[in-house]
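A.B. asks: Handing you this structure, nothing more for now.
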Ligand SMILES: [Zn+2]
């Protein structure tokens, strides 16, 4: 009798183990399908959908002599390297294969950290203009990039219609530069929180009023093309605490509105 009971327990334990192993296997398969198939497909779809409404910058085509595979060592994992091609702007790293390769040829958003490093090591970066080099040196984090002329300067803006963070790349003011520009300092990155209307991480760029006016116009145009307007954040509405408008903020707003009005009045009519 005791032998039969022991056998029954053994069969029962074995069944539990089989069930657990089965559940573990199902979980592993589900996770793999999600991680390796569904997520990459979603990312690809998001990128391809974003191309019509997200403008970007195209890099000049490098000479054909760069159409070769170069090895770039991983900075995180020893003995691991990636294969990059500067002419085709391709890399064998995971981030490139999953995200960056879906951007069009020569698009600046194709640059993963390995392509950026090889551009630097090969000296090709020096062929690019200073503003573009500035954007590349600060990494490519944004979905949309636009280059805009300012009255006495120039800037590149990185943004996304659904994000409240805007990155402005422009020239710093040197001590001898006139207040209104042109500015001869180094290219720097200035981060603006569009929702809270503040410059994050320090001082604003020179000619900040004009920059904000242009940024506002860019964001408005980009958001108008966004296919799911109901998903766009409403400025101020998402804030938990309303920010009281100071006299300085009111004055800055008035200046921006006057610049915007001036720009509108001087924009040539479309033919
Ligand atoms: Zn890479």
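A.B. asks: Give region 206-224 a look and list any residue that's over 14 Å from residue 157 (Cα atoms) and under 18 Å from the mean Cα position of the chain (by Cα), or say none.
C.D. replies: Answer for region 206-224, where residues must be over 14 Å from residue 157 (Cα atoms) and under 18 Å from the mean Cα position of the chain (by Cα): just 223.
A.B. asks: Also, quick follow-up: I need the full set of residues from region 75-89 which are without any contact (Cβ under 8 Å) to a residue 24 or more places away in the chain and near the ligand (Cβ under 10 Å from one of its atoms), in order please.
C.D. replies: Once the filter is applied, which keeps residues that are without any contact (Cβ under 8 Å) to a residue 24 or more places away in the chain and near the ligand (Cβ under 10 Å from one of its atoms), region 75-89 yields only 83.
A.B. asks: Oh, and also: State all residues of region 165-201 that are under 16 Å from the mean Cα position of the chain (by Cα) and surrounded by fewer than 17 Cβ atoms within 10 Å (Cβ to Cβ); if no residue qualifies, say none.
C.D. replies: Step one: of region 165-201, the residues under 16 Å from the mean Cα position of the chain (by Cα) are 165-169, 189-194.
Across region 165-201, the qualifying residues are 165, 191, 193.
A.B. asks: Please find, among 94, 140, the residue that is within 12 Å of the ligand (Cβ to nearest atom) and buried (at least 17 other Cβ atoms within 10 Å of the Cβ).
C.D. replies: Of the residues listed, the single one that is within 12 Å of the ligand (Cβ to nearest atom) and buried (at least 17 other Cβ atoms within 10 Å of the Cβ) is 140.
A.B. asks: Which of the following residues is more than 13 Å from the ligand (Cβ to nearest atom) and over 20 Å from residue 156 (Cα atoms): 127, 121?
C.D. replies: 121
No value in this document is a laboratory result; all are computed from the given coordinates. Every value quoted in this text rests on a predicted model; they were computed, and no experiment measured them. Cβ coordinates were reconstructed from backbone atoms using ideal geometry, including for glycine residues, and neighbour counts include every protein chain displayed.
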